[in-house]
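Each reported figure results from applying straightforward, stated rules to the coordinates on display, with no laboratory input. If you're wondering where the values come from, they're calculated on a predicted model, not measured in any experiment. Here the Cβ is made from the backbone with ideal geometry for all residues, glycine too, and neighbour counts use every protein chain on show.
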Amino acid sequence: MKTSFTVNGQAQEVEHDPRRTLLDTLRDQLGLTGTKKGCDHGQCGACTVLVDGKRVNSCLCLTAQQEGTDVTTIEGIGTPEKLSALQKAFVEMDGYQCGYCTPGQIMSATAMLEELSRGDPSYVSESLDAPKLRDDGEMAERMSGNLCRCSAYPLIREAIAMAAE
Ligand code: FES
């Protein structure tokens, strides 16, 4: 079957098995290997991408569900020459150890900070603002879908708080 959607601003039409996940299409057909495969079961967050601005685990999405959607991967939010504010903050704070979870962490945090900047009441509690991100357990909760086996959580959270300010 064929599915047409947009990835990082570029129109794509891919031919695929009906059971193929978005994660496998991104990595194996479109060569976007920044999105990582960890558990492949929706538990680690390494495969996080944005679909129409919302974070999803791409290992749990079928490619066939993407008709007409707008997908953003880690390759779509910055380049080595022009990093996003979050990417810069992760580098500055050493917000990683092995780095395998980093693309997923950054995609989740990108979505979370977008929610924060929109002040969307369905996503952001009244008490959440940038200074509180450091000590408010809410950030830990909002990032809880992204695991880091190296346990670099304090530096990851510090990097996100830095980018939010
Ligand atoms: Fe998708 Fe782990 S690879 S959640």
> What is the local net charge at residue 69, summed over the other residues whose Cβ is closer than 12 Å to its Cβ (Lys, Arg +1; Asp, Glu -1)?
Replying inline: -2
> For the residues 108, 58, what sequence is obtained by ranking on other C-beta atoms within 10 Å, fewest first?
Replying inline: 108, 58
> How would you rank 90, 5, going from fewest to most other Cβ atoms within 10 Å of each one's own Cβ?
Replying inline: 5, 90
>> Using Cα-Cα distances under 8 Å and only pairs 6 or more residues apart, what relative contact order does the chain have, in percent?
In response: 24
> If each residue's Cβ is checked for other Cβ atoms within 10 Å, how do 75, 13 rank with the fewest at the top?
Replying inline: 13, 75
> Taking the mean number of other Cβ atoms within 10 Å as a proxy for protection, how do you rank 40-52, 146-158 from highest to lowest?
Replying inline: 40-52, 146-158
>> Just to be sure I understand the model, the point goes 7 Å from the Cα along the line to the Cβ. What's the resulting residue 1 to residue 118 distance in nm?
In response: 2.7
> Between residue 29 and residue 94, how many nm apart are label points set 7 Å from Cα along the C-beta direction?
Replying inline: 4.1
